[in-house]
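Shown next, in C-alpha cells, is the structure this report addresses.
The values are calculated or read from the model by the stated rules, or taken from the named source; none is laboratory data. Being a predicted model, the structure only gives us computed values, none of them experimental. With ideal geometry, Cβ positions are generated from the backbone for all residues, glycine too; neighbour counts draw on all protein chains shown. Remember, those area values only see protein heavy atoms, side chains included, never the ligands or the DNA or RNA. Shrake-Rupley method; radii C 1.70, N 1.55, O 1.52, S 1.80 Å.
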Amino acid sequence: MPTETFTNEVIDISSLPKYEEIALQHPHSDYWKIICINLSVFLGFIGIGAVILLFFINEIRTHAFLITTIYVTLAVILFLLFRASFKKRGYAIRTHDVIYKSGIIAESTTIVPLNRIQHIELNEGILSRVFHLGSLQIFTAGGQTGHIHISGIPIETAKNIRDLLLKKLDLTENQTTDPTAS
C-alpha cells in the first residue's frame, strides 16, 4: 500500500479570485416601479390612519402640522433608502456558485456553492406579473442564513436560471451518487 504524505501548504490569499470584482446583474428597472407601488400602498394606509385619527380625536388636531411633517419626512426617507437599496442589489450565477449582494449600511454578500442548494422556487407576484418579472428563491442545506431571494428578474431569465441551476444540481447529484459517472 502506498503511503500518502500529508501536506498542509499555506495559501497565498492575495492570489485568490476576488468576488468583489465580479460584474453583478442588477434587478430590472421595472422592479423599482413595483417597490414604489408597494411603498405607496403602505404609506397610503399609514396616511389614512393618520387622517382618521386627526378627524376623530380633537386633541391630536392641534398637532396636525407636526404629524404631517413627520409623515412626509418618513415617506421621503423610505423612498431614498429603498432607492439606495435597489441600486446596491446584484447577483451572479457562476460555474460553481451563486452570489447575491445587497444592503446599504450593512452590506451583505452571500455566496452559495451549487452543491449546497436544496431546491429552487420561482415566484411571480401580482404586480410582478404585470411587469413580466419574477423572483428566485434558492434554499440551501446551510439553513435560513444561506438562503438567497433574488427579486426583479425578467421572468424568462428567471426561468432560464432556474432550469440551468436544476440541471447543474442534477449533474452534481449524479456525480456524488454514482461514482462511475463522469
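Numbers for the structure displayed
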| read-out | value |
| --- | --- |
| Boolean, residue 73 is out of contact with any Cys (no Cβ under 6 Å at 6 or more places or on another chain) and at pLDDT 95 or above | yes |
| Identity of the residue in the range 83-110, under 12 Å from the mean Cα position of the chain (by Cα) and of a type in the set (Val, Ile, Thr), that ends up nearest to residue 27 (Cα to Cα) | 99 |
| Candidate set: the range 69-80, residues that are within 26 Å of residue 30 (Cβ to Cβ) and open to solvent by 80 Å² or more (accessible area, probe 1.4 Å); chosen: the one farthest from the chain's Cα centre (by Cα) | 77 |
| Listing of strands (runs of 3 or more DSSP E) fully contained in the range 78-131 that carry 2 or more residues being within 18 Å of residue 160 (Cβ to Cβ) | 90-93, 97-102, 117-123 |
| Of the criteria (1) free of Cβ contacts under 8 Å to residues at least 60 places away in the same chain; (2) more than 16 Å from the chain's Cα centre (by Cα), which one residue 131 fails | (1) |
| Within the range 13-68, considering residues that are in contact (Cβ under 8 Å) with a residue 12 or more places away in the chain and in a loop (DSSP other than H, G, I, E, B), the one surrounded by the most Cβ atoms within 10 Å (Cβ to Cβ) | 27 |
| Yes/no for residue 159 being basic (Lys, Arg), assigned to a helix (DSSP H, G or I) and under 13 Å from the mean Cα position of the chain (by Cα) | no |
